[in-house]
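Chemist: Take this structure, written in structure tokens, and hold onto it; I'll ask about it next.
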Amino acid sequence: MILFLLAQTAASAAPVAGPPSPDQKRWENCVELAIADPARGIAEADRWKLAGGNFLTHQCRGMAYAAQRRWTSAGDAFETAAREAEVARDARAPNYWAQAGNAWLAAGDAGKARAALDAALATGTLTGLELGEAHLDRARALVAAGNLAGARADLDQALVHAAADPMAWLLSANLARRMGDIPLAKTHIARALERAADDASVQLEAGNIAAVARDAAGAKAGWTRAAQLAPDSPIGRSARAALEQFAAQE
């Protein structure tokens, strides 16, 4: 999701048809700095704001904070960009709200994420992948709040608009398992595996679903692959812990 945040941020400030405006050119330069050298990107955004720059300065700063994984600062910056864009009646405001929601999720603040994503989706102007990713992020926020039914509704929308994203299928499979719908979980984890079989989190969930379905061979295969793909990560450690039950049986 982090890479998507940066890509989404760049796309949402793309110029309209015609030659780039001075603001657009300066934004592009600011973005290059934000990604390559975040500290210089923040400094450039600050200079631009003092010189009378608009909401794009806050978006650039948000990108720099995201590149540094300073998620709380990124969430604040994207929210400021969204509010200033709304005042300016700029059509990019919903994108900035969605970016803020993504950043707040990364910061571990599901409440602020939900509020930002509600604002993004309430406009009804997001389309395509951006719409799907906003629903996906709101589903993540709802799961964190314990609202599984609400998350299910958002994930169903994410699967329509962001079907190419393996994360959507993974989270849908995970939620289906948690809600006891094992047939749906098996169908959706298969879709995730088609798109990202080399992702340890997908293999871990495949093992978890197989275990609930009493498929010992499938569980062992998924957990073994997850441990191989990410041996030193929390996912790998979880997979190895799950595999211990088979060692005890041997």
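The values are calculated or read from the model by the stated rules, or taken from the named source; none is laboratory data. Here the structure is a predicted model, which means the values were calculated and not measured. Here the Cβ is made from the backbone with ideal geometry for all residues, glycine too, and neighbour counts use every protein chain on show. Note: accessible area is taken over every heavy atom of the protein model, side chains too, but ligands, DNA and RNA are not part of it. Shrake-Rupley method; radii C 1.70, N 1.55, O 1.52, S 1.80 Å.
Chemist: With charges set only on the Cβ (+1 for Lys and Arg, -1 for Asp and Glu), what does the dipole of the chain come to about its Cα centre, in debye to the nearest 20? Kindly include the intermediate steps, with their values, before the conclusion.
Modeler: Values: 26 positive and 28 negative charges, 54 e Å.
It works out to roughly 260 debye.
Chemist: In square angstrom, rounded to the nearest 10, how much accessible surface does residue 105 have for a 1.4 Å probe?
Modeler: Accessible surface of residue 105 is approximately 30 Å².
Chemist: Just to confirm my numbers, what's the Cα centroid distance between the range 85-124 and the range 158-232 in Å?
Modeler: If we compute the Cα centre of each part, the gap is 29 Å.
Chemist: About its Cα centre, what dipole magnitude does the range 16-77 give when the only charges are +1 on Lys and Arg Cβ and -1 on Asp and Glu Cβ, stated in debye to the nearest 20? Provide the component values of the computation, followed by the final result.
Modeler: Details: 8 positive and 7 negative charges, 20 e Å.
Dipole of the range 16-77, to the nearest 20 debye: 100 debye.
Chemist: Next up: Identify which of the listed values of volume of the Cα convex hull per residue in Å³ was calculated from the structure shown: [x] 159; [y] 109; [z] 129.
Modeler: So the structure-derived entry is [z].
Chemist: Dipole of the chain (Lys/Arg Cβ +1, Asp/Glu Cβ -1, origin at the Cα centre): which of 50, 115, 125 lies farthest to the positive side?
Modeler: 115
Chemist: For the chain, give the percent of accessible area contributed by carbon and sulfur heavy atoms, probe 1.4 Å, rounded to a whole number. Please list the in-between numbers first.
Modeler: Working: 6320 of 11670 Å².
Of the solvent-accessible surface of the chain, carbon and sulfur hold 54 percent.
Chemist: Taking the Cβ of residue 130 as the centre, find all other residues whose Cβ is under 13 Å away and add up their charges (Lys, Arg: +1; Asp, Glu: -1). Spell out each step's value before the answer.
Modeler: On the way: positive: 92, 138; negative: 133, 137, 165.
Around residue 130, the charge tally is -1.
Chemist: Given the peptides 35-43, 166-174, 109-117, arrange them by the average over their residues of other C-beta atoms within 10 Å, most packed first.
Modeler: So the peptides 35-43, 166-174, 109-117, ranked by packing, come out 166-174, 109-117, 35-43.
Chemist: Give me the angle, in degrees from 0 to 90, between the Cα long axis of helix 110-122 and the longest principal axis of the Cα atoms of the chain, rounded to the nearest 10.
Modeler: Helix 110-122 sits at roughly 60 degrees to that axis.
Chemist: With every protein chain present, what is the per residue accessible area of the chain (1.4 Å probe, Å²)?
Modeler: On the way: 11670 Å² over 250 residues.
About 47 Å² of surface per residue is accessible.
Chemist: Follow-up question, since we're still on this one. If packing is taken as the average count of other Cβ atoms within 10 Å, what order do 90-103, 52-65 fall into, highest mean first?
Modeler: Working: 90-103: 26.5, 52-65: 24.4.
The peptides rank, most packed first, as 90-103, 52-65.
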